[in-house]
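What follows is a set of notes on a single structure, which appears directly below.
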Amino acid sequence: MCFEELLVMHASPTLANLKPASLISMNNTAQGKECLKKLEKRGLMFFQLNNSKGQSLLLVYRKDKLEQVLSAPRAEEILKHFGYPESLEERLAFLKKRFQSTQCPHEVGIFLGYPPNDVKGFIQNKGQGAIYSGLWKVYSDKENAERILQKWAKCRRKYLECFLSGTDIARLCVTA
């Protein structure tokens with residue numbers, strides 16, 4: 001599977017500006033780097049969280065949308081608990097350090113647009129006792145989580161269909 005197809009499969013809701021950020025693991029290839037340059041021109045940003053054995057873990061994000069999500073009171077409460085600083089750039093650098101010291105820091109869900117109450121519930125309950133499970137474990141408002149998940153899944157299907165029928169990935173990236 002090529003890098004662009006991986007990006008469509010794992011980040012289409014972010015490409016469509018429905019989600020603040022997505023995670024994608026990519027080979028450190030010239031093809032991937034060229035694609036990233038093309039998408040940066042469309043307002044998508046990338047931050048390398050980890051690099052190991054030729055694989056990079058990238059946070060694909062929309063700056064304005066991510067800043068908005070991270071500044072919500074419940075999100076700020078969770079981030080402050082872990083010692084996150086104030087600015088987006090500092091928060092991204094801190095998240096990178098957390099990935100280096102913890103295999104996958106649970107608060108990354110905040111960055112990915114998961115409801116803060118669910119992220120907090122996951123942390124407090126150590127991943128147990130969820131009322132629903134999809135891309136994340138839900139601890140409150142199952143109906144809202146299902147709506148979000150359905151919207152993201154529909155986007156993923158539509159984007160994959162368009163990409164596989166020849167639409168260039170840059171055209172799939174909504175400009176904010």
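Inside the range 3-39, residues that are among the basic types (Lys, Arg), assigned to a helix (DSSP H, G or I) and touching a residue at least 40 places away in the same chain (Cβ under 8 Å) make up a count of 1.
Just so you know, in the range 118-129 the residues that are open to solvent by less than 80 Å² (accessible area, probe 1.4 Å) and not in a helix (DSSP H, G or I) include one that is nearest to Ile78 (Cα to Cα), and it is Gly127. Arg42 meets the conditions (1) free of Cβ contacts under 8 Å to residues at least 12 places away in the same chain; (2) assigned to a loop (DSSP other than H, G, I, E, B) in every case but one. The failed one is (1).
Within the range 155-162, not a single residue is at pLDDT below 95 and open to solvent by 70 Å² or more (accessible area, probe 1.4 Å).
Annotation note: Cβ proximity below 6 Å between a residue of the range 66-83 that is modelled with pLDDT of 95 or more and a residue that is open to solvent by 40 Å² or more (accessible area, probe 1.4 Å) (sequence gap 6+ or interchain) occurs for Ile78/Lys120. Does Gln48 satisfy the condition of being in contact with a Leu (Cβ under 8 Å, 6 or more places away or on another chain), surrounded by fewer than 15 Cβ atoms within 10 Å (Cβ to Cβ) and not aromatic (Phe, Trp, Tyr)? The answer is yes for Gln48.
Sort out which residues of the range 130-154 are open to solvent by 60 Å² or more (accessible area, probe 1.4 Å), of a type outside the set (Val, Ile, Thr) and under 24 Å from Ala72 (Cβ atoms), and write them in order of number.
The initial filter retains those residues of the range 130-154 that are open to solvent by 60 Å² or more (accessible area, probe 1.4 Å), namely 131-133, 135, 137, 141-143, 147, 150-151, 154.
Right, trim to of a type outside the set (Val, Ile, Thr) and you get 132-133, 135, 137, 141-143, 147, 150-151, 154.
Matches in the range 130-154: Tyr132, Ser133, Leu135, Lys137, Asp141, Lys142, Glu143, Arg147, Gln150, Lys151.
Note on the range 99-117: among residues that are open to solvent by less than 50 Å² (accessible area, probe 1.4 Å) and either part of a helix (DSSP H, G or I) or among the small types (Gly, Ala, Ser) (or both), the one that is modelled with the lowest pLDDT is Phe99.
If the condition is being in contact with a helix residue (DSSP H, G or I) (Cβ under 6 Å, 6 or more places away or on another chain) and over 22 Å from Tyr61 (Cα atoms), then the range 121-141 contributes Ile131, Tyr132, Val138, Tyr139, Ser140.
Among the candidates Leu95, Leu160, which residue alone is out of contact with any Leu (no Cβ under 8 Å at 6 or more places or on another chain) and assigned to a helix (DSSP H, G or I)? Full working, then the answer.
On the way: Leu95 fails: out of contact with any Leu (no Cβ under 8 Å at 6 or more places or on another chain).
Selected residue: Leu160, the only one of Leu95, Leu160 that is out of contact with any Leu (no Cβ under 8 Å at 6 or more places or on another chain) and assigned to a helix (DSSP H, G or I).
Residue by residue through the range 54-89, note down the ones that are open to solvent by 50 Å² or more (accessible area, probe 1.4 Å) and over 16 Å from Ala21 (Cβ atoms). It would help to see each step written out before you state the result.
Going through the range 54-89, the residues open to solvent by 50 Å² or more (accessible area, probe 1.4 Å) turn out to be 55, 63-65, 67-68, 71, 73-74, 77, 80-82, 86, 89.
Matches in the range 54-89: Gln55, Pro73, Arg74, Glu77, Lys80, His81, Phe82, Glu86.
The values are calculated or read from the model by the stated rules, or taken from the named source; none is laboratory data. Not measured: the values here are computed from a predicted model. Please note: Cβ atoms are built from the backbone with ideal geometry, for glycine as well, and neighbour counts cover all protein chains shown. Note: accessible area is taken over every heavy atom of the protein model, side chains too, but ligands, DNA and RNA are not part of it. Shrake-Rupley method; radii C 1.70, N 1.55, O 1.52, S 1.80 Å.
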